[in-house]
Structure formats: structure tokens, C-alpha cells
Amino acid sequence: MPLHAADWRPTVEIDGTWRSGQSSAGGGFFLPILLDSGNALFIDTQGAFIEGGVQRGSIGAGYRMRASDDWVVGVYGYYDYLNSAYDNSFNQLSFGVEALGPVFETRANIYLPLGDDHTLAGMGRGEVSGGKLMFREGMERARRGGDVEAGVRVPLSSASDKMQLKVFAGSYFYGGDNLDDKLGAKLRAELSFADLPGLPGGSTVTIGASGSYDNEDHFKGAAMARLRVPLGASSSTGPADPFDPLTQRVERNRTIETHRGATGDLEKAVITLNGQTAGNVIDISAANGDAAAINAAIDAAGDNALILANGTIGLNQSLTLNNGQVLLGGGGVLGLRGASSGGEGWLQNQGTATTLTGYNPAQDVVTMASNSAISTLLIKGGLAGIGSTGASNLMIDRVDISGTSHDGIRFSGVNGAVIQNSSIHDLYICENSTKCEFSVFKPNVAPYAAISAHGTKNLTVRDTTIDNVTYGLFAGSAIQEIDWVPTITEAASNITMDNVTISRSRREGLLFVGANNVNLNKVTIDNSRQDRDMDLVVLQGTRDVTITDMALKGGINGLMLVTSSNMPEDAVTTNINVNGLTIDGTRNAGIFFNPVSGINLKNVKITNAGTYGAYLYGSDWSGPVGNVTFDNVTIDRAGTAGLYFSGPSEDLAGNVTVSNTPSDCKVDTGWSGASLTQAPGKVLALNGSVLGQSNFASRCK
């Protein structure tokens, strides 16, 4: 079909748009083809960069025909592409019709997405359906939809003038799977100028403003500026009308409409706190009645139920969880995972902040069963805030415990527990040494602990603070006499503390008895703000310990390493590896060795010890302090001496630096008969000089 001879040139367009919270810059190329019938085909390409890492592009074609001397009717189709802020790619086809007159114009568009939607990590949500907790995966979806618009040219002057003002009104809708329809209305106005000085003939500059309101995004405003420039020279017949409807831009939503949210198919929910597939959901509050009524509702909910607590609840007996149940306080957020999709998300308890108050000092406030979890609660009173016996795989998260009559958390024979993001404080303080001081003759008892883990293994405490308590942590193996021989029946093993702070513990901050496989990372104990206290960390008959970046302040001795002959035969303190330890302001020694072996100290700094930096107390009967390595150990401002030797020591190696201290070292010249015996190759340097058998007694006076 031959082209009609007319001055219709390709047009380049650039524009910038500023929307509510977002801006974009784009451009395009419009190629009109005038047919000999007086109608026109066109090819249109557009692209833009949108704030937030979004890119879009379009290519389309259309046909416009003169329906009369005044009206032009057109149809068109486009392929659109979008790379979203989440780096997801979307494609769609869109089609539209338009009718353009000298005063009025109107158009309608439909948008049809192609291809699959995309998952969004962490954007899934829990949903209660049929009384059970379910999950919808987080998705980013392209939305099908459409819009209509009608406009009028405001009669500022005749249509042939070089300035035009148009106002438009319209509506739009978008839908999608598993989400509500988006319905809205819009208004916009555009003021265009043609043939401005300094621009090629036929160019137009347009400025505009728009506003929209819908049930999803509510109000949004935008401002726009656009420049259209024809390419090439005008024909001899003169330039075409810059406002000719046959060549004006196509008005449509050039950005694919997407939705981000929990719109996946409904599936079973896995609660990440305990790894269990969620079951029924129930609400509890003071309106349920007393503890017996609440426990009846909890029991009826069944295993793996989610219990949403609300407000202040008084309990005259223990609130008892069943297997796999999760107790979530008001305002708490629960991490979830889709059982089928594996998508991640969350659910929030919309109730008010929850406090459980136990009025019965003989019962724990909450009793946990296997695979159960507790999160986002204040717990006050009771015997212990939380208790469990013989259970496994427990999770305690974001819990505040205070005012108990005994322990804060008490585990007995538990296999697998995590305590995290919690605070235990202001518990009962026991001043009676006869009643409360730990004794190797009663190795199963260390009462009134913030955390008591007796015969418990696979315990992790992290990101937790403990303050104003009798004991911080007691982790002891269950020990019984069998045929008159002390025997470990349930080992305290595989215990980890990570980023834990303990302050104002009346007795030991950490007490390990007959334990093994202990990892202490970034643990801080500060008992400097009280007059009466005990040792800060005691390893009694405990082996295979790693200490990293620990800080100790106050106390009688900072780190006490001891093996007692009254303990089981296999309860021996050995294989202790320290890398990063600061000890300050102890009343007696920074580190007390009594008698132990297999101790490796690296990057240890002891300051302001009341008497000795390190006290090595061997025994001819219980054994020597032996096989100790000092690597970059410094002692500064000790009250009496850097190192103190009592009884036999053997096979010490490494380097110790002592400064600002009356004596580098001292030996007990009394009944203990202090000695230092070194095997070949074992060399201990004290302030750069070798301390050995030959100069031990003469130097350490």
C-alpha cells in the first residue's frame, strides 16, 4: 500500500515523572505511517528507569482512521516488559481502543499478564482457616486489569493555536489470584505548548499533574514533564499539525501493575520456633477463667496448637503446654514456613502485651512438653517461671522472667532446649550459705538459679541477660551413688552460651558440675556492684570447654578450675581452651587452678586482682596443677603477686607478663611444699625470663 505524501516524521520523546515516593525517567520513539487512504499505521516503543531499580519497556503497533472530518478512531496492541524492584521479570500483552475528537476524547485499555508469578522470601503470612493455622506464600504477581478515561480540551483558544489544556477523568481496576480487586478513580490535566523558541518545528512540551485514589494504595499524586521532537526536516508543504490526533501519543499504563504480598495458595504452616506443623489456633485471656479452665482449652486444642495469649492472666496453678504447642504473647511475631512451598513469612498476635502471673509459689508458672515453644511473654511469680522435666526440643524466645520463689527456668533431664532473646532478673536472693552454697557432697543442688539445667544436654542460651539472682546458670550432671561410688547417670553435655550477660549474681555466675562439651562465647559476668559474692565461673569436674571473648569483673575468683576427689571418677576438669579472656577487680585471684590439667590460655588479660593474678594450687594427694599453657597472658596491678604456687605444679609452658605488681611470683613456703617440675621441652617464661626448677624457689619469694 503506497505511502501518502505528507510531512509526518518519526518523533522522539523524553519524559520525567515524579510520583508519590517514586520518580522515573524515560523515552520513546514513535513512527507514524500515513496511508493513501488518509488513515495511519504507527509503531511505538517506550522505556523507562524507575526509582528503586525498576526498568520497563514496551513495543506496540496500532491503526488510526478518520471516522469523520473531526473524529479519529484507533486500535492498538502492545507487548510490555518489567523488571521489578525485587529483580523479578514480568511480561504482558495489552490492547486498547480510542476515539479522538477536536474537543472530546476517550479510550479504554485491558492488560493481560503472561508467564509465571514470583515468590518473595519473608513476605508470606499466616492465616487462620477452619480454626487451623495455615500459610500463604509471599508472591509478586502481575495483575490483569483495565482502565477507561474520557477527556475534554478546555477552550482557552481555538484548537489550531500552539497551546492546549486538556483535563481527564477515568477509573481503573486490577485483579489477581488470592487477592482483592483494586478499584480506583483518577484525574489528570495536561498543558501542552508547540513550536517553542529554540526547538525544532513541530516539537511540543507538555507539563501535567495527576491524582488517583483506590482501595489499596489510597491517594497518590504525580507531576510530569514531557518533550516530543520530530526528526528530520519538514517537507515543502510545511510541517504537520503537532496536535494532529493521528500522530499523538497513546495514553495507557505503560508499567505492568504488580502486587507484592501473601497471595500464594493456602498450605500447611510450619512454625520455625519449634519446627512443627501447626495445628489448631485458640485464644486465651483472663476471660477464660482460672488456670484449670485455660488448661482445659489448651488440652482440647491438641498437639501442635498455636495458643495466642492476650493481656494479663493470673494463674493459681501451672499453665501446661502439650506436645508441639506454641504459646505466643500479645504483640509477638511468629516465624512461619510453608510446608509445601518452603516459603518464609510470619504471623503476629494482635492481642495486647501478655503477662502471666503465678500466684502459687509451689508450682511453676508454665510447664513445657516436648517440641513446645514460648515467645513474647512477661512471667512473674510462681516456683519457677518455666519448668520442664524429661522433655526434648524446647524453645524459649523473648521471655522476661522475674519475681519467682525459686529458679527462673528449671530443666531436669531435658534433651535439647534453646533460650534466646530473653531476660531473667530480680529473683529470690538466698543469703544462707548453709542452705544455698554448692557442695560436692550434694552435687545435684544449686538452688535459686536464673537457669537450672540438671541432667540436661544440648542446651543453648544466647542473646540473653541475667541480673540480680542467686546463681546465674547451674548446669550439672545428675549424680547418684551406686554401690557407694558417685556415678553420673544423666550427663550435662553440649551446652552453649553465646552473647550472654550476667550481673549481680549472689553466688556463681556460671557453675558447671560434671559437665562436658561446653562452649562459652562472648559471655560477660559483672559482679562489681555488690559487696558479697562468690567466684564468677566455676568448672567443677568439667571437661572439653571452649571459652572465647569472655569478660569477668568482680567476684572472689574470676575463673575457678577445680577437680574434686568426691566427684565421680570421670568428672575431671581438663581440656579447657581459652582464647580471649579479660578479668578485672577480683577480690582474690583472677584464675584459680585447683588441681587440674590440660588447660590452654591464650590472649588473657588479668587486672586489679585483689591478691594474685593466677593461683596454682596443687596437691600431693589430689594431684598437681599440670600441663598448662600460657600464650600472651598479662597480669597488671595484682595486689600481691602475678603467680602464686601452692603444692606441686608441673609441665607449665608459654609466656606470662606481670606489671605494676609487688612481685612477679610467690611460692607457699608453708605446709604445701610448692614445687615446679618441668618435662623436657616445657618452658615457662615470666617477664621474659625462664622460670624453672633451678630458680623457682629463689625467684618467687
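The numbers here are math on the coordinates, done by the rules we state, and not lab data. Bear in mind that the values here come from a model prediction, so they are computed numbers and not experimental data. Don't worry about glycine lacking a Cβ; one is built from the backbone with ideal geometry, like all the others, and counts go over all protein chains shown.
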**Message:** Against the empirical 2.2 N^0.38 Å scaling, what ratio does the C-alpha Rg of region 440-489 come to?
**Reply:** 1.34
**Request:** Whole Å is fine, so just give me how far the alpha carbon centre of region 241-273 lies from that of region 388-459.
**Result:** 55 Å
**Prompt:** Using only Cα atoms, what is the ratio of the radius of gyration of region 532-603 to 2.2 N^0.38 Å?
**Reply:** 1.07
**Request:** State the three equivalent ellipsoid semi-axes of region 346-408, derived from the C-alpha gyration tensor as the square roots of 5 times its eigenvalues, in descending order and whole Å.
**Result:** 20, 17, 8
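Kindly put 49, 219, 593 in sequence by how many other C-beta atoms sit within 10 Å of each C-beta, fewest to most.
Listed from fewest to most nearby Cβ atoms, that is 219, 49, 593.
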**Asked** What is the calculated FRET efficiency for residue 292 to residue 622, with r their C-beta to C-beta distance and R₀ = 35 Å, to the nearest 0.05?
**Response** 0.05
**Message:** Please list log₁₀ I(q)/I(0) at q = 0.12 Å⁻¹ for region 244-389, using the Debye equation with identical point scatterers on the alpha-carbon positions.
**Reply:** -0.53
**Entries of 522/682; 522/605; 602/701; 182/268; 457/602; 166/186 with Cα pairs more than 19 Å apart** = 522/682; 602/701; 182/268; 457/602
**Message:** Can you tell me the length gained on complete extension of the stretch residue 462 to residue 153, counting 0.36 nm per residue apart and subtracting the Cα distance?
**Reply:** 104.4 nm
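Using every Cα-Cα pair within region 468-537, state what percent have a distance larger than 20 Å.
Numbers: 942 of 2415 pairs.
When all Cα pairs of region 468-537 are counted, 39 percent exceed 20 Å.
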**Fill in**
For the pair residue 89 and residue 701, the simple spin-label estimate (label points 7 Å beyond Cα toward Cβ) gives in nm 8.6 nm
**Request:** Would you grab the residues whose amide H sits under 5 Å from the one on residue 494? Only those 5+ places off in sequence or on another chain, please, with H modelled 1.01 Å from N.
**Result:** 458, 516, 517
**Request:** Return the Rg/Rh value of region 168-266, two decimal places, where both radii are evaluated on C-alpha atoms and Rh is the Kirkwood radius.
**Result:** 1.15
**Request:** Using only alpha carbon pairs under 8 Å that are at least six residues apart, calculate the relative contact order of region 33-116 and give it in whole percent.
**Result:** 21 percent
**Message:** Return the equivalent ellipsoid semi-axes of region 325-439 as a descending list in whole Å, where each equals the square root of 5 times an eigenvalue of the C-alpha gyration tensor.
**Reply:** 29, 17, 11
**Prompt:** Which listed residue (641, 33, 230) has the Cα farthest towards the positive end of the charge dipole for the chain, taking +1 on Lys and Arg C-beta and -1 on Asp and Glu C-beta about the Cα centre?
**Reply:** 641
**Prompt:** By the scheme Lys and Arg +1, Asp and Glu -1, what is the net charge of all other residues having a beta-carbon under 12 Å from that of residue 566?
**Reply:** -1
**Request:** Using every Cα-Cα pair within region 429-469, state what percent have a distance larger than 14 Å.
**Result:** 59 percent
**Request:** Highest first, please rank the peptides 601-608, 50-57 by the mean number of other Cβ atoms sitting within 10 Å of their residues.
**Result:** 601-608, 50-57
**Convex hull of the chain built on C-alpha atoms - directionally averaged projected area, nm²** = 45.6 nm²
**Message:** Using just the Cα positions, wrap region 394-519 in a convex hull and report its mean projected area in square nanometres, one decimal place.
**Reply:** 7.0 nm²
**Fill in**
Of the convex hull drawn through the C-alpha atoms of region 1-70, the volume per residue in Å³ is 114 Å³
**Request:** Could you please rank 544, 483, 180, placing first whichever residue has the fewest other Cβ atoms within 10 Å of its Cβ?
**Result:** 483, 180, 544
**Amide H contacts of residue 144 (H built 1.01 Å from N, under 5 Å, at least 5 apart or other chain)** = 175
**Item:** By average C-beta atoms within 10 angstrom, highest first, the peptides 416-424, 296-304
**Value:** 416-424, 296-304
**Message:** Quick check on the chain: of the DSSP beta bridges with both residues there, what percent are antiparallel, nearest 5%?
**Reply:** 50 percent
**Prompt:** What's the percent breakdown of Cα-Cα distances in region 582-681 across 5 Å bins, shortest bin first?
**Reply:** 3, 15, 24, 26, 21, 9, 2, 0
**Fill in**
Most exposed to least, judged by fewest other Cβ atoms within 10 Å, 64, 226, 153 sort to 153, 226, 64
**Request:** Taking all pairs of distinct Cα atoms, average 1/r, flip it, and tell me the Kirkwood hydrodynamic radius of region 112-216 in Å to one decimal place.
**Result:** 17.9 Å
**Computed [θ] at 222 nm, deg cm²/dmol, the chain (DSSP H ≥ 4; -39,500 (n - 2.57); rounded to nearest 500)** = -500 deg cm²/dmol
**Message:** As an exercise, use a Förster radius of 30 Å and the Cβ-Cβ distance of residue 312 and residue 421 to find the FRET efficiency, rounded to the nearest 0.05.
**Reply:** 0.85
**Request:** From the C-alpha gyration tensor of region 467-609, pull out the three semi-axes of the equivalent ellipsoid (sqrt of 5λ each), sorted largest to smallest, in whole Å.
**Result:** 24, 16, 14
**Asked** Relative to the present Cα-Cα distance, how much length would full extension add between residue 663 and residue 677 at 0.36 nm per residue of separation?
**Response** 2.9 nm
**0 to 90° range, to nearest 10: angle between helix 291-301 axis and the chain longest Cα axis** = 60 degrees
